[in-house]
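Quick notes on the structure that follows.
Please treat every number below as a calculation from the coordinates, not as lab data. Keep in mind the model is a prediction, meaning the values are calculated, not measured. Heads up, the Cβs are rebuilt from the backbone with ideal geometry, glycines too, and the neighbour counts pull from every protein chain shown.
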Amino acid sequence: MSQKTPLLDHPLSDWPVLLSEGKTMPAYRSRQVAQWIFRHHVSDWEGMKNLPEEDRCRWSDRWDLSLPVLREERMSRDGTRKLLLELSDGARIESVLIPRDDRATLCVSSQVGCGIGCRFCRTADMGLVRNLSVSEMLGQIRLANRLLTERPIRDTLGEDSGAPFLSRVNHLVFMGMGEPLANFDTLVRALSVLTSPEGFALSPRRITVSTSGLAGRIRDLGVAGIPVNLAVSLSAPTETLREALMPISLRHPIRSILEACRSYPLRNRQRITFEYVLLGGVNDSPDQARELARLLAPFRSKVNLIPFNPYPGSPYLRPDRSRVLRFQEVLLAKGVTATLRTTRGEDILGACGQLALTPSPLPIKEPPTWKTIDSSMPV
Ligand code: SAH
Ligand code: SF4
């Protein structure tokens, strides 16, 4: 028997040929397969009830549809769920499901570990283990959708917040483990399935790719023709400081990153997000805010301020709230839109920069706030 390979590593446009294997097959057959996978979250051939059994048997010998294995799951007080997933070679990654009002955002990993080495990031300590494949990137969304159908999530930040139950991922951020633009070809192929009407059919406007600033790849993403939102992690207003915090700056200085951003095509009212991790006493002074505002003045941009999320052994401190607000005020006064990211999932180390393989086992836990889903709740 031939070795099974993941069907989802192949572009959707190849599926009709791959699945027909030279036999005559109705043109709609591969579309039906896609519907089972992307709409009904099926992960085995037997589940595709309306397809001829003979085809399903043949395909199941050849094509693998399996999902990553959910090894551990942690639920935060605010409704965030951190998923520890195991891939077919035993490598482990994390995805984070974040409910926020009517949004179910999945924070997706693009690599096992990360080779960029930012000094304030927990994932950096792992180094780069390997790139993810297309099927592994997409597997995170498929699995999350499957979990959501079984148990929808809800923003539980405010008690009785009235937030709806969410049963499908409707926003994606490539802000999990890894540097997505360092796994560029795979990323673009995954984006193509995510946005294809026959795939996940997500609008590119609901997808954000976050990068530490690989200038050439930012340009390449711009020409790839999938107009996703671009987020650039800047985190320092000067070259010297950025080099100290993010060694990638030695190869991609701020000026070439901003130059690349200028070439990134923006639709009406679309803006580039600049993420800025605020590290107490390091990059959080009002002068540094002014310097940042000056750098970003030529851009249609917004700044997302992320107060540092500490983790065991981390060398930095989170600034006081007053300092964070002061930094934001300076930007706003200079006409730069600046939002403060409310930290989600912090109690389970599921917040930005805290993703790494947690050494202690995390039991699958029901949160104290979890309610039994009954038919009166929208699913
Ligand atoms: N590698 C990509 C995407 C993943 S990191 C990137 O760096 O953009 C996602 C975001 O988390 C980045 O903006 C990064 O700067 C931020 N981040 C990393 N470590 C953090 C920490 N300890 N606290 C807060 N934000 C952090
Ligand atoms: Fe990698 Fe992003 Fe962490 Fe930097 S912040 S080490 S690029 S995951």
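Structural remarks
- Antiparallel content of DSSP bridges confined to the chain, in %, to 5: 45
- Within a Gaussian network of the chain (alpha carbon springs, distance under 10 Å), most fluctuating of Ala333, Ala215, Ala260: Ala333
- Fully extending the segment from Arg326 to Arg168, taken as 0.36 nm per residue of separation minus the present Cα-Cα distance, adds 53.1 nm.
- Relative contact order of the chain, pairs being alpha-carbon contacts under 8 Å that are 6 or more residues apart, as %: 17
- For the pair region 76-96 and region 272-349, the centres of their Cα atoms are 27 angstrom apart.
- Spin-label proximity, Arg29 to region 56-78 - amide N less than 11 Å from point 7 Å beyond Cα toward beta carbon: 56-59
- Estimated FRET transfer efficiency when R0 is 35 angstrom, pair Asp14-Arg271 (beta carbons, to 0.05): 0.50
- With R₀ fixed at 22 Å, the C-beta to C-beta distance from Thr342 to Ser203 puts the FRET efficiency at about 0.35.
- Among Gly213, Gly22, Gly162, the residue with the largest mean-square fluctuation in a Gaussian network model of the chain, with springs joining Cα atoms closer than 10 Å, is Gly22.
- GNM flexibility winner over the chain from Pro164, Pro298, Pro99 (Cα, springs under 10 Å): Pro298
- Label-point separation in nm, Ala333 to Asp61, each point 7 Å along Cα→Cβ: 7.4
- Site pair Lys4 and Glu150 shows an inter-label distance of 1.8 nm when each label is modelled 7 Å from Cα along Cα→Cβ.
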